[in-house]
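Reading through the structure tokens given below for one structure.
No value in this document is a laboratory result; all are computed from the given coordinates. What you are looking at is a predicted structure, and each value in this text was computed from that prediction instead of being measured. Glycine gets a Cβ as well: all are built from the backbone with ideal geometry, and neighbour counts include every protein chain shown.
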Amino acid sequence: MFDPAREPRVFALPPGIDFPRTVVAGLRARMADHPPEALARVTLFVNTRRMQRRLAELFDEGPGLLLPRLRLVTDLGRDAAFADMPPAVSPLRRRLELSELIGQLLDRQPDLAPRAALFDLADSLAGLMDEMQGEGVDPEAVRSLDVTDLSGHWQRSLTFLDVVERFFGSDSGEPPDQEARQRQVIERLVQGRKSAPPTDPVIVAGSTGSRGATQMLMQAVARLPQGALILPGFDFDMPPEVWDGMEDALAAEDHPQFRFTRLLRGLNLPPKAVRTWDDTPPPSAPRNALVSLALRPAPVTDQWQVEGPAFGDVTGATAAMTLIEAPAPRIEATAIALILRKAVEDGITAALITPDRLLTRQVTAALDRWRIEPDDSAGRPLPLTAPGRFLRHVAEMAGSRITGPDLLTLLKHPLTNSGSDMRGEHLRHTRDLELEALREDMPYPTPETLIGWAGKRQDRLEWAHWIGSILGEFAHSGSGELSEHVARILAIATRLAAGPGGMGSGGLWDMPAGREARKVVDELLREAPHGGTMSVTDFRDLFAAVLARGEVHDPNAPHPGVKIWGTLEARVQGADLVVLAGLNDGIWPGLPAPDPWMNRQMRHKAGLLLPERQIGLSAHDFQQAIAAPQVVLTRSVRDAESETVPSRWLNRLTNLMQGMSPEGKAALAAMRGRGQGWLDLAAAMEATPRTDPAPRPAPCPPVEARPKRLSVTRIGKLVRDPYSIYAEKVLGLRPLGPLNRSPDAPLRGTILHRVMERFVNERDGTEPHDSARERLMRIAAEVLEEDAPWPAARVLWLAKLGRVADAFLEGEVDRAARAALAATEVRGEYDAIPDRFTLTGTADRIDRDGEGALYIYDYKTGAIPTAKQRANYDKQLLLEAVMAEAGAFKGLAKARVAEVAYIGLGATPKFERIQIGAEDIETTRSGLIELIDAYARRSQGYIARRVVETQRFAGDYDHLSRFGEWDHGTRPSPEEVG
């Protein structure tokens with residue numbers, strides 16, 4: 001196949017070439033004069049399975065012939081010749097072993113790192129170990145580094161490195177990691193081929209040799225009598241002096257061609273010795289030259305000043321390039337979707353290339369508007385699928401006290417109760433439980449409270465028993481073997497998916513997402529014996545990390561002409577139009593991952609890869625992708641938080657064009673102009689017609705539909721925000737209680753009312769102060785534990801009560817001296833206008849003195865209403881006095897009211913009496929009747945936010961009245977409603 005040569009045989013293809021297609025074409029051309037079986041003796045090594053598949057597809061296009069042996073570099077170890085070598089352990093097993101060892105280390109030396117970082121440390125340490133084994137660096141070489149200036153940090157690093165030393169070396173007694181075994185396989189293969197080189201052709205195509213073991217194989221293949229390399233994206237435009245200047249890894253590691261420099265240096269070849277594999281020209285040779293000039297290694301300014309003005313046809317080089325600088329990520333995604341849609345209309349193949357997975361999801365969602373489903377090579381992360389979310393929720397709740405939102409998360413999941421034929425009934429019970437209990441007074445559902453809610457309804461009772469039994473399984477919170485934790489989670493998930501009467505596991509393991517979840521969980525079960533003992537908290541972190549490794553590919557046939565590739569998949573090009581998106585620093589290229597073990601100098605001295613290696617690989621991917629026939633470069637000028645920084649490669653390209661010549665400026669302006677056209681179209685897509693703001697409502701329902709009874713607290717609302725009374729009493733709407741309640745002031749007031757009710761009802765008149773204080777705080781702690789599902793809020797509220805407890809108890813002594821407790825939380829009804837209106841209310845507390853007079857008290861945890869507020873709308877206590885004098889409270893005969901007062905339990909304890917007398921009672925009664933009579937007229941509307949006093953007034957129905965479209969200066973618009 002190849003003519004004899006003294007030097008290693010290295011071929012390459014320039015950026016922009018359809019690499020797999022050109023490799024196949026070159027093989028066909030070279031084997032055209034050979035017998036048919038000659039091609040079958042060719043071994044072609046590639047570095048990705050996608051490349052392997054595409055090469056096979058291209059050979060299948062015809063004409064018919066025998067195929068070469070298409071092999072992955074990573075499959076070398078599967079040959080029978082290496083059967084004597086122990087198999088590699090799975091990466092999961094190694095990470096579990098490292099997690100256990102690191103956990104033991106942290107138990108002995110907790111100051112080394114927080115335990116929450118256990119699995120991140122295990123991942124990072126496993127990555128370092130893989131790199132050391134792949135590059136052939138043993139722990140002793142790392143330990144001998146000169147770290148005079150970093151002795152403290154380095155000692156901590158060495159402590160962790162000592163953990164992994166046991167896994168190095170063939171005589172360690174441990175099975176090798178995948179990377180270690182791969183290097184051992186390649187080393188044996190290289191030695192064998194030195195002594196007995198194969199006579200059949202061997203080619204390595206598509207690899208850059210960025211890893212040490214792969215580069216070793218490539219160098220050995222290039223030296224074979226019939227061996228060759230085919231390098232992708234080789235820059236034939238870069239001058240020899242620039243190649244010669246890329247010797248120092250510390251200075252040039254981030255250049256796209258640096259890996260080729262190191263490879264050629266290992267083969268003792270100059271760059272000019274690299275030949276083209278095929279005569280196929282790139283889509284735009286001038287563009288390749290322009291990009292090569294833009295990406296020159298620093299310093300480049302002097303080269304730009306010399307070569308930039310002399311550059312030829314920059315207009316032609318950029319004629320098929322478009323630059324989109326969107327104002328926001330959403331607009332960027334919409335513009336990209338429009339470009340891909342246009343490609344479908346034109347019948348050309350288009351590919352979106354970006355490492356930004358959030359952006360790809362936004363583009364996919366935008367394409368759904370036209371029912372275009374792209375072929376996404378990365379698939380969907382398992383934790384974002386239904387089975388992944390379900391398992392993640394179950395694991396996160398293990399060993400913790402289940403809250404209402406936690407329970408609803410599970411009950412509303414589409415996989416819950418998917419194994420029975422009662423899914424509809426399950427959803428109905430879930431809705432009822434949410435509205436009747438979880439949003440009311442069930443912060444922590446338990447088997448007992450669920451059964452109490454179900455009552456005697458048999459259908460609910462069976463369902464509640466099923467849920468309650470599962471809640472009991474969540475309660476286990478102790479440490480245990482990893483296999484026990486996994487088995488428990490699987491048991492809970494299976495029972496939830498099956499349903500109360502279902503069999504099997506419902507739909508949990510169905511469809512591709514379920515099968516992928518089963519595979520991930522089965523691997524974890526298989527390797528669990530190597531995970532040792534761990535706490536529930538550690539298990540939750542581990543389980544989330546393991547699930548995150550799974551990916552699910554859509555089983556439906558996506559659109560064949562629209563593809564989404566990551567930067568690695570983009571090396572297998574074949575698209576007419578390429579969109580390079582997310583071109584901002586921190587995204588493309590991404591920031592180097594933090595290295596907790598060694599800095600750049602230490603890595604360089606030890607022979608490990610520098611952090612810039614990944615940037616260099618991304619740069620090489622960029623250089624190949626930007627050379628496609630048609631290219632669109634996109635970025636967002638701002639993200640959700642601030643302005644963004646353009647990708648360094650885009651920055652270099654635009655700076656070069658801006659300064660090279662007037663033609664360069666014009667070409668750049670043309671690129672931006674083409675991009676602006678797409679942005680204008682995206683803006684038009686997002687535009688919405690103007691809608692006039694709503695008027696300030698004042699509905700006037702029929703008199704017979706108006707409320708015939710209100711509570712004393714609702715009277716204040718009728719004055720301040722009549723619309724809320726209309727919404728509640730006429731329309732029959734009520735605000736939903738918050739599912740995930742926050743520790744707000746109203747809830748604190750409700751809890752303290754319960755505390756005070758219990759305290760005063762259990763009061764003993766002879767109880768000493770200290771004993772009373774202790775009892776008060778004990779009752780408060782019990783009520784808070786039951787009703788406040790926030791540990792921090794419980795501590796804070798208990799402390800606040802403790803600060804006012806002494807003042808409250810001292811006031812109790814005075815109140816007890818005047819009157820004795822008659823009732824707490826007592827309800828009453830008063831026919832304010834017989835047969836027309838009834839006033840209702842619940843008094844916090846009523847005392848009665850020896851002469852039969854009543855004392856009405858209201859507990860206030862917030863600010864006590866001012867005299868002005870009481871005069872205008874806050875008449876709760878006075879209305880309760882009216883009811884008491886009329887004998888409206890249950891169990892209390894009518895009597896004179898001697899005193900009404902607020903007992904302040906806020907930050908500053910306060911006891912405030914309100915003047916009360918026969919005249920005040922009568923004035924309040926007549927004012928109530930006048931208010932009710934006013935709303936007995938059809939023309940009187942229920943005005944929204946009539947007297948709110950401050951802008952911060954929170955109305956429960958503000959969204960219904962569309963407050964915000966109007967303000968308090970807007971005149972009400974009365975409207976008769978049916």
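Computed over region 683-836, the P(r) tail beyond 29 angstrom holds 48 percent of alpha carbon pairs. Within the straight-line cut-off of under 23 Å between alpha carbons, the lysines reachable from residue 342 are 563, sequence neighbours fewer than 8 places apart in one chain being disregarded.
Under unit Cβ charges (Lys, Arg +1; Asp, Glu -1), what dipole magnitude, rounded to 20 debye, does the chain have relative to its Cα centre? The partial results should precede the final answer.
Details: 119 positive and 135 negative charges, 269 e Å.
In total the dipole reaches around 1300 debye.
Shape summary: region 598-649 maps onto an equivalent ellipsoid whose semi-axes, from the alpha-carbon gyration tensor, are 29, 19, 6 Å in decreasing order.
Annotation: Cα Rg of the chain relative to the compact-globule expectation 2.2 N^0.38 Å equals 1.27. Using the alpha carbons alone, the radius of gyration of region 39-126 stands to its Kirkwood radius in an Rg to Rh ratio of 1.28.
Between 0 and 90 degrees, the angle of helix 285-294 with respect to the longest Cα principal axis of the chain falls at about 70 degrees. Here r is the Cβ-Cβ distance between residue 672 and residue 241 and R0 is 41 Å; the resulting FRET efficiency, rounded to 0.05, is 0.80.
Put simply, region 429-472 fits an ellipsoid with semi-axes of 14, 13, 8 Å; these come from the alpha carbon gyration tensor as the roots of five times its eigenvalues, largest first.
When 690, 265 are ordered from fewest to most other Cβ atoms inside 10 Å of their Cβ, what list results? Don't jump to the answer; show the numbers that get you there.
Working: 690 6, 265 13.
Ranked by crowding around the Cβ, least crowded first: 690, 265.
Taking a straight Cα-Cα cut-off under 25 Å and skipping sequence neighbours fewer than 8 places away in the same chain, the lysines within cross-link reach of residue 890 are 708, 717, 729, 860, 875.
Which FRET efficiency value, to the nearest 0.05, do you get for residue 956 and residue 115 by plugging their Cβ-Cβ distance into 1/(1 + (r/R0)^6) with R0 = 56 Å? Spell out each step's value before the answer.
Working: r = 45 Å, r/R0 = 0.80.
The computed FRET efficiency comes out at 0.80.
Considering only C-alpha atoms, what is the centroid distance from region 430-448 to region 49-122, in Å? A separation of 47 Å, based on Cα centres.
The ratio of the alpha-carbon radius of gyration of region 168-311 to the globular-protein estimate 2.2 N^0.38 Å is 1.28. Around the amide H of residue 911, modelled in the peptide plane, lie the amide H atoms of 904, all under 5 Å away and 5 or more residues distant in sequence or on another chain. Using alpha-carbon positions, what is the distance between the centroids of region 382-410 and region 540-574, in Å? Here the answer is 24 Å between Cα centres. Place +1 on the Cβ of every Lys and Arg and -1 on the Cβ of every Asp and Glu in the chain, take the dipole about the Cα centre, and give the residue among 642, 719, 895 whose Cα lies farthest towards its positive end. Highest projection toward the positive end goes to 719.
Give the distance, in whole Å, between the Cα centre of region 927-976 and the Cα centre of region 195-252. With region 927-976 and region 195-252 each reduced to a Cα centre, they are spaced 79 Å.
Excluding same-chain neighbours fewer than eight residues apart, the aspartates and glutamates reachable from residue 272 by a Cα-Cα span under 14 Å are 7, 235, 237, 241, 244.
What does DSSP give for the chain in terms of the percent of beta bridges that are antiparallel, rounded to the nearest 5? Antiparallel: roughly 35 percent of the beta bridges in the chain. Applied to region 397-411, the Karplus parametrisation 6.51 cos²θ - 1.76 cosθ + 1.60 on θ = phi - 60° returns per-residue 3J(HN,Hα) values of 8, 5, x, 10, 7, 6, 9, x, x, 4, 5, 5, 4, 6, 5 Hz, with x for Gly and Pro.
Residues whose amide H comes within less than 5 Å of that of residue 584, counting only those at least five positions distant or on another chain, are 647 (H built at 1.01 Å from N in the peptide plane). In µm²/s, what is D for region 819-965 at 25 °C and 0.890 mPa s, where D = kT/(6 pi eta Rh) by Stokes-Einstein and Rh is the Kirkwood radius from Cα pairs? The diffusion coefficient I find is 145 µm²/s. Overall size of region 311-381 from C-alpha positions, given as principal axis extents largest first: 46, 28, 22 Å.
As a test of the definition: which semi-axes, in Å, follow for region 939-978 when you take the square root of five times each eigenvalue of its alpha carbon gyration tensor? Largest first, please. Let's see the in-between values first.
Details: eigenvalues 67, 26, 20 Å².
Over the Cα atoms of region 939-978, the semi-axes work out to 18, 11, 10 Å.
For region 819-934, the antiparallel share of DSSP beta bridges with both residues in that region comes to about 75%. Each residue in 530, 769, 485 was given a count of other beta-carbon atoms within 10 angstrom of its own, and listing them fewest first yields 769, 530, 485. Counting only DSSP H runs of at least 4 residues, each contributing -39500 (n - 2.57), and dividing by the residue count of the chain, the helix-based mean residue ellipticity at 222 nm comes to -14500 deg cm²/dmol.
Sum up the charges of everything whose Cβ sits under 13 Å from the Cβ of residue 399, counting Lys and Arg as +1 and Asp and Glu as -1, but leave residue 399 out.
-3
Ordering 591, 139, 578 by the projection of their Cα atoms onto the charge dipole of the chain, which places +1 on the Cβ of Lys and Arg and -1 on the Cβ of Asp and Glu, puts 578 at the extreme positive end. Relative to the dominant Cα principal axis of the chain, helix 178-195 is inclined by about 0°. Remark on residue 72: its backbone amide H falls under 5 Å from those of 46, a criterion applied only to residues 5 or more positions apart or on other chains, H modelled at 1.01 Å from N.
Could you give the dipole magnitude of region 237-301 about its Cα centre, charging the beta-carbon of Lys and Arg +1 and that of Asp and Glu -1, in debye to the nearest 20?
On the way: 7 positive and 9 negative charges, 23 e Å.
Taking the Cα centre of region 237-301 as origin, the dipole is about 100 debye.
Whole-Hz Karplus values for region 360-367 come out as 5, 5, 5, 5, 4, 5, 5, 5 Hz, taken residue by residue from phi with 6.51 cos²θ - 1.76 cosθ + 1.60 and θ = phi - 60°; glycine and proline positions read x.
In the frame of its principal axes, region 210-252 has Cα extents of 31, 23, 16 Å, reported largest first.
Percentage of Cα-Cα pair distances in region 507-611 greater than 15 Å, rounded to whole percent? Looking at region 507-611, the distances longer than 15 Å represent 79 percent of pairs. Bin by bin, in steps of 5 Å, what percent of the Cα pairs in region 777-901 do you find, going until the bin that has the longest distance? Spelled out per bin, shortest first, that is 2, 9, 16, 17, 17, 16, 12, 6, 3, 1, 0.
Simple rule: put +1 on each Lys or Arg Cβ and -1 on each Asp or Glu Cβ in region 744-819, find the dipole, and look at 781, 817, 752; the Cα lying farthest toward the positive end is 752. Global dimensions of region 382-552 from alpha-carbon coordinates: Rg and Dmax equal 15.9, 49 Å.
Neighbour counts of C-beta atoms inside 10 Å place 910, 456 in the sequence 456, 910, starting with the fewest. Largest first, the extents of the alpha carbon coordinates of region 331-446 on the three principal axes equal 59, 29, 29 Å.
Helix 769-787 axis versus longest C-alpha principal axis of the chain: approximately 50°, rounded to the nearest ten.
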